[in-house]
Amino acid sequence: MSQKSETDALIIRRHIIKMLELAGSGHAGGALGIADILAVLYREILRHDPQNPTWENRDRFVLSNGHTCPALYATLALHNYFPKDELWQLRQINSFLEGHPHENVEKGIELSSGPLGQGLSQMLGMSLAGRLKQLDNHFFALLSDGEHQEGQTWEAYQFGAKYKLANATVIIDRNYIQISGVTEQIMPLDPFADKIRSFGWQVYEVNGHDHQAIYQTIREAMTDEQPSAIIAYTTPGKGVDFIEAKFTWHGDAPDPQQARTALRQLNSLAGKLDTQYD
């Protein structure tokens with residue numbers, strides 16, 4: 001592990017703020033919260049090649065909770081799937097950066113997502129196809145905790161266990177919020193890990209902002225002989241104090257003044273890493 005993934009996470013968060021401010025709409029809380037996970041995945045874990053995005057042996061990443069896509073777009077731009085300046089077209093007419101991802105493998109977007117609860121099924125279908133084709137790659141999906149209130153998610157867990165899809169790893173953004181409030185008040189999920197284990201999966205738990213822990217946990221999960229789920233505990237809005245842990249920011253975007261305040265806070269974090277970034 002190097003400092004690069006931590007720098008990447010700051011770049012991703014800064015670009016999320018700018019994108020949402022310019023768009024005037026979007027989902028700040030979850031996007032900021034998953035920046036560390038995506039930074040580690042794309043810098044340290046995934047086998048991918050922006051110069052050859054359709055490479056058959058690439059690892060696949062599926063973003064199931066598609067409303068957090070500003071974090072994915074910022075990550076893909078950082079890794080040169082498309083120019084950074086295209087980020088500022090988020091949610092604009094004729095832009096490929098839609099409010100929920102639309103499949104565009106050339107730009108690094110593996111699958112379309114929108115309605116919650118479908119990403120795990122899609123990823124597991126891909127992983128089974130990969131095994132049948134004898135591909136040497138790994139398949140990842142990032143899910144929200146709230147979409148585990150969807151029955152299809154649990155049907156997918158059954159499917160993964162039945163076919164022993166050891167080439168599949170799920171990462172769950174456990175931030176305890178959804179658009180209408182706190183998950184444990186709306187539809188409780190705990191004991192979350194025990195429920196997933198009961199479906200025949202190996203389950204890990206990790207601090208979703210600790211880069212070293214994220215890296216080590218994913219690497220360990222990838223060696224299992226059964227499908228694995230990683231519950232990553234995150235703070236929605238991480239890095240911006242007036243957004244952190246507030247469910248009201250699940251589906252909101254900063255106005256220009258709020259964006260300036262957020263960027264100042266993120267810029268102050270860059271000094272701690274002794275780095276410059278745009």
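Just so you know, all these numbers are worked out from the coordinates, no wet-lab data involved. Fair warning: this is a prediction, and the values are worked out from it, not measured in the lab. Here the Cβ positions follow ideal geometry from the backbone for every residue, glycine too, while neighbour counts run over all protein chains shown.
Points worth noting:
- In order through region 169-184: 3J(HN,Hα) via Karplus (6.51 cos²θ - 1.76 cosθ + 1.60), integer Hz, x for Gly, Pro: 10, 9, 10, 10, 7, 8, 10, 6, 10, 9, 4, 9, x, 8, 4, 6
- Highest to lowest packing among 165-177, 149-161, scored as the average C-beta count within 10 Å: 165-177, 149-161
- Estimated from helical segments only, the mean residue ellipticity of the chain at 222 nm is -11500 deg cm²/dmol, where each DSSP H run of four or more residues counts as -39500 (n - 2.57).
- Sparse packing (at most 15 other Cβ atoms within 10 Å of the Cβ) combined with a DSSP loop state is found for the following GluC sites (Glu not before Pro) in region 1-88: 56.
- Annotation: extensible slack from residue 54 through residue 154 equals 33.0 nm (criterion: 0.36 nm per residue apart, minus Cα-Cα distance).
- Of 26, 99, 181, the one that fluctuates the most in a GNM where the chain has Cα springs shorter than 10 Å: 181
- For the chain, lysine pairs separated by 8 or more sequence positions, or belonging to different chains, with Cα-Cα distances below 15 Å total 4.
- Residues whose amide H falls under 5 Å from that of residue 205, counting only those 5 or more places apart or on a different chain, are 231, with hydrogens built in the peptide plane.
- Shown here: Kirkwood radius over Cα pairs in Å, derived from the displayed model; of the candidates [x] 20.3; [y] 18.6; [z] 19.3, it corresponds to [y].
- Contact order normalised by residue count of region 4-272, Cα under 8 Å, 6+ apart, percent: 25
- The fewest-to-most ranking of 131, 13 by surrounding Cβ atoms within 10 Å reads 131, 13.
- Rounded to the nearest 20 debye, the dipole magnitude of the chain is 220 debye, with +1 charges on Lys and Arg beta carbons, -1 on Asp and Glu beta carbons, and the Cα centre as origin.
- For the peptides 138-148, 101-111, 32-42, the ranking by mean Cβ contacts within 10 Å, running from highest to lowest, is 32-42, 138-148, 101-111.
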